[in-house]
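Written out below as structure tokens is the structure these notes cover.
The values are calculated or read from the model by the stated rules, or taken from the named source; none is laboratory data. Model, not experiment: these values are computed from the prediction. Cβ placement follows ideal geometry from the backbone for every residue including glycine, while neighbour counts extend to all protein chains displayed.
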Amino acid sequence: MPKRITSLTDTEVRSAKPQEKQYKLFDGGGLYLLVTPQGGKLWRCKYRYDNKEKLLTFGAYPEISLADARRRRDDARRKIANGIDPGAVRKAQKQAVTEETETFEVIAREWHMKFTSTWTSGHAATIMSRLERDLFPWIGKCPIAGIKAPELLTVLHRVESRGALESAHRIRTIAGQVFRYAVSTGRAERDPSGDLKGALPQPGEKHHAAITDPKEVAPLLRTIDGYQGHFVVKCALMLAPMFFVRPGELRNAEWAEVDLEEAVWNIPAHKMKMKQSHIVPLCKQAVKILTELKELTGASRYVFPSGRSFARPMSNNAILAALRRMGYDKDTMTGHGFRAMARTILDEVLQVRPDFIEHQLAHAVRDPNGRAYNRTAHIVERRKMMQKWANYLDELKTGAKVIPFHNRVV
């Protein structure tokens, strides 16, 4: 005769204490409370289906009360009576939820939100644009754990087919970051983008168009001086060759970062490509331009606010559009080209030490022991260099004698 089980009471469940080993308190009908040595109280239900003993988990007490656990047990027994395996039903329901909530798009947006604070606003917007345009329409609704390398490659071939091979490589990188995030959070087993190494042809090396011949720089500077567009954009154009920072660093400059009395612009690490804070010494010409500009935009957070709202920086196309209006096409000069202009002329014409130039370009420069120099390295020499550079630009603009390139012995 089977042993008769006395039903549990709320008091017994509530007062159950942990012991050295886990133990069970039975309620009947297969339902029991598992009490762990750590103090956990877990509802379990044993049942038989197709001549096999199986187990259901109902959750933990007190989140799941004794009455709730009994209702779940009774529901499971009704399914068994109707020839339905309650465990199989639970598994199917869980899979359906997983397929809805653990898709590539859901996890990619979660990843993006988590890391946005570590990126510049422009970089964050670019990544989301690429996700929404090139990945979400094709694999966004797919459970991330089920996406295989051939499916991702098909997506990349679509991008490549429109002549955007470099974009295809960037999108593979972004997808890989999302997959690795999914692996680290337990939503995927592996990153399939790693299997596609070498599957796409390598893009040819691409350089930003730049004017580096002093004879051609002179008319560019004079054209900038005569620019008839928005005053804020004109100031940015005048400062771009003096600062030779990256376009995104220039347009996102904030007044809180600029100290006109000390003549310095401190760019925080999160705005820099290398994620290291950077110092831009301000030459006398730059201080004069910024002082005048502050009369107009000083109430804004940004040095170069948008023409439509002081709450946003100017468009990332503002400099480029201005260059086009002045007659410089994309194959002649770009906003990024001011960096190549400074690097070439400072080295070849003004004979400045290359490591001073590289520091001011915010490139990764290391000392003889392999250690990265800090942001203040050679700051005195760099300040002199920046003033010398601004003076040279003024001489070019006014038509002073152009110093020819030096011929170096190789």
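Would you mind finding the one in GLU102, GLU132 that is in contact with a strand residue (DSSP E or B) (Cβ under 8 Å, 6 or more places away or on another chain), surrounded by 12 or more Cβ atoms within 10 Å (Cβ to Cβ) and modelled with pLDDT of 80 or more?
Working: GLU132 fails: in contact with a strand residue (DSSP E or B) (Cβ under 8 Å, 6 or more places away or on another chain).
The unique qualifying residue is GLU102.
ILE224 is checked against (1) in the same structural domain as PHE244 (by TED's automatic domain parsing); (2) without any contact (Cβ under 8 Å) to a residue 40 or more places away in the chain and fails just one. What number does that condition carry?
Checking ILE224 against (1) in the same structural domain as PHE244 (by TED's automatic domain parsing); (2) without any contact (Cβ under 8 Å) to a residue 40 or more places away in the chain, the one that fails is (2).
Identify the single condition in (1) in a loop (DSSP other than H, G, I, E, B); (2) at negative phi; (3) within 50 Å of the chain's Cα centre (by Cα) that SER7 does not satisfy, given that it satisfies every other one.
Condition not satisfied by SER7: (3).
Does GLY83 fit the bill of being at pLDDT below 90, in a strand (DSSP E or B) and small (Gly, Ala, Ser)?
no
Within region 149-169, does at least one residue satisfy the condition of being in contact with a helix residue (DSSP H, G or I) (Cβ under 9 Å, 6 or more places away or on another chain), closer than 12 Å to GLU102 by Cβ and part of a helix (DSSP H, G or I)?
Looking through region 149-169, none of the residues is in contact with a helix residue (DSSP H, G or I) (Cβ under 9 Å, 6 or more places away or on another chain), closer than 12 Å to GLU102 by Cβ and part of a helix (DSSP H, G or I).
State the number of residues belonging to region 233-287 that are more than 24 Å from ALA124 (Cα to Cα) and at pLDDT below 90.
Qualifying residue count for the region: 0.
Could you please tell me which pairs satisfy a Cβ distance under 8 Å, a separation of 6+ or placement on different chains, a first residue in region 271-290 that is among the hydroxyl-bearing types (Ser, Thr, Tyr), and a second residue that is surrounded by fewer than 20 Cβ atoms within 10 Å (Cβ to Cβ)?
These pairs meet every condition: SER277/ASN266; SER277/PRO268; SER277/ALA269; SER277/ARG375.
Does ALA311 qualify as being surrounded by 15 or more Cβ atoms within 10 Å (Cβ to Cβ) and either out of contact with any helix residue (DSSP H, G or I) (no Cβ under 7 Å at 6 or more places or on another chain) or of a type in the set (Gly, Ala, Ser) (or both)? Steps first, please.
Values: surrounded by 15 or more Cβ atoms within 10 Å (Cβ to Cβ): no; either out of contact with any helix residue (DSSP H, G or I) (no Cβ under 7 Å at 6 or more places or on another chain) or of a type in the set (Gly, Ala, Ser) (or both): yes.
Considered against the rule, which asks whether it is surrounded by 15 or more Cβ atoms within 10 Å (Cβ to Cβ) and either out of contact with any helix residue (DSSP H, G or I) (no Cβ under 7 Å at 6 or more places or on another chain) or of a type in the set (Gly, Ala, Ser) (or both), ALA311 comes out as no.
Could you tell me which residue of region 355-410 is modelled with the highest pLDDT, considering only residues that are among the polar types (S, T, N, Q) and closer than 19 Å to GLN276 by Cβ?
The qualifying residue modelled with the highest pLDDT is GLN360.
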